[in-house]
Amino acid sequence: SRIPQDVLSGQRGLMQEVTLNTKHGVEAKSYEALGEAAKLKPLEIELKRLEDLSESIVKDFAYMRHREEEMRDTNESTNSRVLYFSLFSLCCLIGLATWQVLYLRKFFKAKKLIE
């Protein structure tokens, strides 16, 4: 394979910056072409763009509300699980402390260190 001459001439170390701008949703829609096809006036085209933009905003808010509900449900579920786990841990600790006290009393009574 051949190496291009400009690579050999010292341009190998040049830094290049590439920018990629992407548009989606309402931003990507071509309202000029829509206006020409439907023979709309510039003001009507702008109103159509604003209408689509407001619908997009309403959809985004509905999506955010749905995500907030999901996150709140997850948070409440996690809180209840932590509560039940802490109660279980507390019961285990109380049970072990009671068993330890009873066992030590029995042990010291057997050794006749207490009455």
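Values computed for the structure shown
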{"read-out": "Hits in the range 18-32 - residues which are surrounded by 10 or more Cβ atoms within 10 Å (Cβ to Cβ) and not charged (D, E, K, R)", "value": "Gly25, Val26, Tyr31"}
{"read-out": "Selected residue [modelled with pLDDT under 85 and either charged (D, E, K, R) or out of contact with any strand residue (DSSP E or B) (no Cβ under 9 Å at 6 or more places or on another chain) (or both)] from Asp52, Asp73, Asp6, Asp60", "value": "Asp6"}
{"read-out": "Unique residue being of a type in the set (Val, Ile, Thr) and in contact (Cβ under 8 Å) with a residue 12 or more places away in the chain when the list is Ile45, Ile94", "value": "Ile45"}
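For (1) surrounded by 10 or more Cβ atoms within 10 Å (Cβ to Cβ); (2) in contact with a Gly (Cβ under 7 Å, 6 or more places away or on another chain); (3) outside any loop (DSSP other than H, G, I, E, B), each residue gets a yes or a no:
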position	(1), (2), (3)
Met15	no, no, no
Ile45	yes, yes, yes
Tyr63	yes, no, yes
Arg67	yes, no, yes
Arg72	yes, no, yes
Glu76	yes, no, yes
Leu83	yes, no, yes
Gln100	yes, no, yes
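The values are calculated or read from the model by the stated rules, or taken from the named source; none is laboratory data. Here the structure is a predicted model, which is why all the values come from computation and not from measurement. Every residue, glycine among them, receives a Cβ derived from its backbone with ideal geometry; neighbour counts consider all protein chains shown.
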